[in-house]
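Heads up, the thing below is written out as structure tokens.
Here, each number is a calculation from the coordinates, and none is a lab measurement. Note that this is a predicted model, so its numbers are computed, not measured. All Cβ positions, glycine included, derive from the backbone under ideal geometry; neighbour counts span all protein chains shown.
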Amino acid sequence: MIKFVIDENAAANGAHLIHNSTVGCEDLPAADAQILIGYFANYDLAYKRARMNWPREKVSGCEKCCKA
């Protein structure tokens, strides 16, 4: 299973980025700015959970570590 986290701080475009912390993304936020989404088989499942947890926030995957 892959550990996915979301950045507590929004990016310049207003989206909170989802990161695959298992691969050690270079854009991974600091530990105190990460919110655990959970452990999933793939990014699509993590994205669905993030949308359920934060329905009013704009979320998207990091282009470096969450390519679909």
Review point. Counting only DSSP beta bridges with both residues in the stretch 2-61, what percent are antiparallel, rounded to the nearest 5?
Key: 75
Practice item. Using a cut-off of under 13 Å, list every residue of the stretch 25-59 whose amide N is near the label point 7 Å from the Cα of E8 along the Cα-to-beta-carbon line. Key: 29-36
Check your understanding: So how much slack lies between A30 and K67, counting 0.36 nm per residue of separation and subtracting their Cα-Cα distance, in nm?
Key -> 11.2 nm
Revision key, fill the gap. With label points set 7 Å from each Cα along the Cα-to-Cβ direction at K58 and M1, the distance between them in nm comes to 3.1
Revision key, fill the gap. Among A12, A31, A46, the residue with the largest mean-square fluctuation in a Gaussian network model of the chain built from Cα contacts under 10 Å is A12
Check your understanding: Using the Karplus equation 6.51 cos²θ - 1.76 cosθ + 1.60 (θ = phi - 60°), what ³J(HN,Hα) coupling, rounded to whole Hz, does each residue of the stretch 13-19 give in order, writing x for Gly and Pro?
Key -> 7, x, 8, 8, 8, 8, 10
Revision key, fill the gap. Measuring from its Cα centre, the chain shows a charge dipole (+1 at each Lys and Arg Cβ, -1 at each Asp and Glu Cβ) which, in debye to the nearest 20, is 320
**Study point:** Order of V5, V23 - criterion: other Cβ atoms within 10 Å of each residue's Cβ, fewest first
**Key:** V23, V5
Review point. So which aspartates and glutamates pass the test for K64, namely a Cα distance under 19 Å, with those fewer than 8 places away in the same chain ruled out?
Key: D7, E8, E26, D27, D44
Exercise for review: Could you work out the local net charge near A33, counting Lys and Arg as +1, Asp and Glu as -1, over the other residues with Cβ closer than 9 Å to its Cβ?
Suggested key: -3
